[in-house]
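The values are calculated or read from the model by the stated rules, or taken from the named source; none is laboratory data. Because the structure is a prediction, the values reported are computed rather than measured. Reconstructed Cβ throughout: ideal geometry from the backbone, glycine too, with neighbour counts over all protein chains shown.
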Amino acid sequence: MTEEQTAITGGAHLASALRAEGITRVFGIPGTHNLEIFAQLAAEGIDIVSPRHEQGAGYMADGAARVTGDVQVVVTTTGPAVFNALTALLQSFTDSVPVLLISPGMPLTHPGRGNGLLHEVRNQSQAIEAVLGDSHRVTSPGEVALALGQALSHMRTGRTRPAYIEIPLDLIEATGPGWLHPAVTRSVPAPEPSALRSAAEALAGSQRPLLIVGAGARHAGAEVAELSEALGAGVLLSSNAKGTIDDSFENNLGAIGVLEVLPEVLGDVDAVVAIGTELAPSDFWPEPLPLPDTVVRIDLDEVQMLRNARVTHPILAHAKNSTTALTHQLRQTRSPSLSKAAAEWLRDWQDTITTAAKEEGAPWAQLCGALNDYTASAVSPVVVAADSAMCCYYGVQTGWTARRGDRFLYPAGAGTLGYGLPAGIGAKLAAPEARVVAIEGDGGAMFTIAELSAAVQARVCLSLIIVDNGGYGEIRNEMADRGDTPAGVALLGPDFPSMAESMGARGLHVQTQEELVTALKEAEEFAGPTLIHITEDSRAAEDMMDAFRPTDTSTATSTEERDLT
């Protein structure tokens, strides 16, 4: 549409442009300075999801963006509301998730050194740009639609990341003409034939090849599996790539970036193909990664191509078409006997990895067993929205058997706490057919537990599993491993099931794997969230729960009440 609009408010320009771009839902909280925006969003028929905190809004949008692959929008008011959301947007930035943050800012004529206006921040846009890198402060009502078109054009092309649009609060209700500016995207570059030939030649003689696959290859699961079979290569997944291929795929090593055995595995590899992954320390904990001399890397981001590895064969293109083309080249040049021998080498490592995963994930074996039983019986895709908690990265990440199409939403880069519940809410709203399970520790859960109320209001059907070890278990262990006396980590937590009931959710405590499976299945029948509380049997739990255990043995928590591990 290029016809000049009549003089409408900046808020109306925003709402009409969002609607024209197919945005049907925003996450956010109204405030004094953004009332015109919310009025116009409602007038355009755009659904408004109301969290209880702006950080929750950001995580909800992040979860929705991960399952849809498209931009999700957060609208806040000025000052503290923006910075409340910024933690969540940092998570989206580090994990390459397309979330657009929109807020008012100080008026165009606001004094440069401030005058004490409500929510005043002298340079809000610059502060956010320091985190996100993409910030646009508009200067007229009609520029709002232009800013949106430009932001979406950038966010939908190449590597997806968040962006920010700031509308001075005096422009939100000011009127002015403008045009819609439809977002444009450039076509995905095709891989260079010479780069493909060179990579195939380097891989043709490999005896112990490995694919390292990140979330940038999520839409190339079948192609990754075909390349693995052509090479006889193992497949190592980042946390957010879990579900790209079946965990039961015969060459899959899993999302084992947290395991202590990983450096040994990589040290035995003679060639790596990295596909859509940062190779980041937050995904693969050994730093730096011990990579072999031959590193083929497929990535859309030419800057990222040079990070965290010495790349010998760069392929600057989309994961899907590049992986297909590389497989075609290899089938013409690689001996089938080499691929067969490589697959046999792989089996030995799979046994070692399975043993290591079971040992490191032992405290959460029954949690993973229940999740596996539940997933096996599910017809719809299962989405696990995880937190940065031991039960998730040591437990579920390696112990849950995901199917191709299932999702593991994990806050890898920034490692924020409180992500699981709001991200799960956003995921369920965006993919209502999915079975969504959020998993958090008791410490992280308290960061955003208020969003349980938002889920009740929105009638979001999901399960929230809270794994209780009495506090910040990982930090307690790190203190102990340093030889320190753990301090500040044991938490006197609430009665989680009762708290859930007080918010209108279902709440229950389970003790066995079978009870957990039953609870997950029953949660599907409830028109709202179900909180399932379990207690952890681990060295952290034993220490921290002692801190608040009654000295009167008649009221002490029994071992039997803490038996779900």
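Against the list (1) part of a loop (DSSP other than H, G, I, E, B); (2) closer than 20 Å to R161 by Cα; (3) not charged (D, E, K, R), the condition G56 fails is (1). Among the residues of the range 226-263, those that are assigned to a helix (DSSP H, G or I), in contact (Cβ under 8 Å) with a residue 40 or more places away in the chain and over 23 Å from the mean Cα position of the chain (by Cα) comprise E226, L227, E229, A230, L231. Taking the condition within 24 Å of E226 (Cβ to Cβ), of a type in the set (D, E) and not assigned by TED's automatic domain parsing to the domain that holds D270, does D348 pass? Answer is no for this residue.
Kindly check whether there is at least one residue in the range 85-97 that is touching a Lys or Arg at 6+ places or on another chain (Cβ under 7 Å), in a loop (DSSP other than H, G, I, E, B), crowded, with 24+ Cβ neighbours inside 10 Å and modelled with pLDDT of 95 or more. Within the range 85-97, one or more residues are touching a Lys or Arg at 6+ places or on another chain (Cβ under 7 Å), in a loop (DSSP other than H, G, I, E, B), crowded, with 24+ Cβ neighbours inside 10 Å and modelled with pLDDT of 95 or more. Please verify whether I48 is surrounded by fewer than 23 Cβ atoms within 10 Å (Cβ to Cβ), touching a residue at least 12 places away in the same chain (Cβ under 8 Å), assigned by TED's automatic domain parsing to the domain that holds Q126 and part of a loop (DSSP other than H, G, I, E, B), treating the condition exactly as stated. Taking the combined requirement at face value, the residue does not satisfy it. Considering only residues of the range 1-15 that are polar (S, T, N, Q) and surrounded by fewer than 20 Cβ atoms within 10 Å (Cβ to Cβ), which is farthest from T78 (Cα to Cα)? For the range 1-15, the residue satisfying everything is T2.
What about A343, is it in a loop (DSSP other than H, G, I, E, B) and small (G, A, S)?
Working: in a loop (DSSP other than H, G, I, E, B): no; small (G, A, S): yes.
Judged against the criteria, A343 is not a match.
Looking at the range 395-500, the strands (runs of 3 or more DSSP E) lying wholly inside it that each contain 3 or more residues that are at pLDDT 95 or above and hydrophobic (A, V, I, L, M, F, W, C) sit at 435-441, 463-468.
When H136, H154, H119 are checked against the criterion of being closer than 25 Å to G58 by Cα, free of Cβ contacts under 8 Å to residues at least 24 places away in the same chain and either touching a Ser or Thr at 6+ places or on another chain (Cβ under 7 Å) or not aliphatic (A, V, I, L, M) (or both), H154 stands alone in meeting it. Which of the residues spanning the range 253-302 are surrounded by 24 or more Cβ atoms within 10 Å (Cβ to Cβ) and polar (S, T, N, Q)? Scanning the range 253-302 gives a single hit, T277. The sole residue among G399, G415 that is small (G, A, S) and under 15 Å from the mean Cα position of the chain (by Cα) is G415.
Scanning for something closer than 24 Å to A547 by Cα, within 20 Å of the chain's Cα centre (by Cα) and β-branched (V, I, T), does the range 480-496 turn up at least one residue?
First, the residues of the range 480-496 that are closer than 24 Å to A547 by Cα: 480-496.
Still in the list and also within 20 Å of the chain's Cα centre (by Cα): none.
Within the range 480-496 (the criterion being closer than 24 Å to A547 by Cα, within 20 Å of the chain's Cα centre (by Cα) and β-branched (V, I, T)), the answer is no, since none of the residues qualifies.
Out of the residues in the range 415-451 meeting the condition of being out of contact with any Asp or Glu (no Cβ under 8 Å at 6 or more places or on another chain) and β-branched (V, I, T), tell me which one is nearest to M503 (Cα to Cα). Among residues in the range 415-451 that are out of contact with any Asp or Glu (no Cβ under 8 Å at 6 or more places or on another chain) and β-branched (V, I, T), the one nearest to M503 (Cα to Cα) is I449.
If you check E478, E514, E524, E501, which single one turns out to be touching a Cys at 6+ places or on another chain (Cβ under 8 Å), in the same structural domain as V456 (by TED's automatic domain parsing), of a type outside the set (K, R) and surrounded by fewer than 19 Cβ atoms within 10 Å (Cβ to Cβ)?
E524
Looking only at residues in the range 265-299 that are assigned to a loop (DSSP other than H, G, I, E, B) and among the charged types (D, E, K, R), the one that is nearest to C392 (Cα to Cα) is D283. In the range 18-45, of all residues being within 16 Å of A174 (Cβ to Cβ) and among the hydrophobic types (A, V, I, L, M, F, W, C), the one that is surrounded by the most Cβ atoms within 10 Å (Cβ to Cβ) corresponds to I37. Here V382, V436 are screened, and the one residue that is more than 18 Å from L237 (Cβ to Cβ), hydrophobic (A, V, I, L, M, F, W, C) and surrounded by 22 or more Cβ atoms within 10 Å (Cβ to Cβ) is V436.
To keep it simple, each residue is scored yes or no on (1) among the hydrophobic types (A, V, I, L, M, F, W, C); (2) closer than 22 Å to S228 by Cβ; (3) without any contact (Cβ under 8 Å) to a residue 12 or more places away in the chain.
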| position | (1), (2), (3) |
| --- | --- |
| E278 | no, yes, no |
| E287 | no, no, yes |
| V295 | yes, yes, no |
| V303 | yes, no, yes |
| I315 | yes, yes, no |
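Listed by position, the helices (runs of 4 or more DSSP H) inside the range 119-225 whose residues that are in contact with a strand residue (DSSP E or B) (Cβ under 8 Å, 6 or more places away or on another chain) and surrounded by 18 or more Cβ atoms within 10 Å (Cβ to Cβ) number at least 3 are 124-132, 143-155, 193-204.
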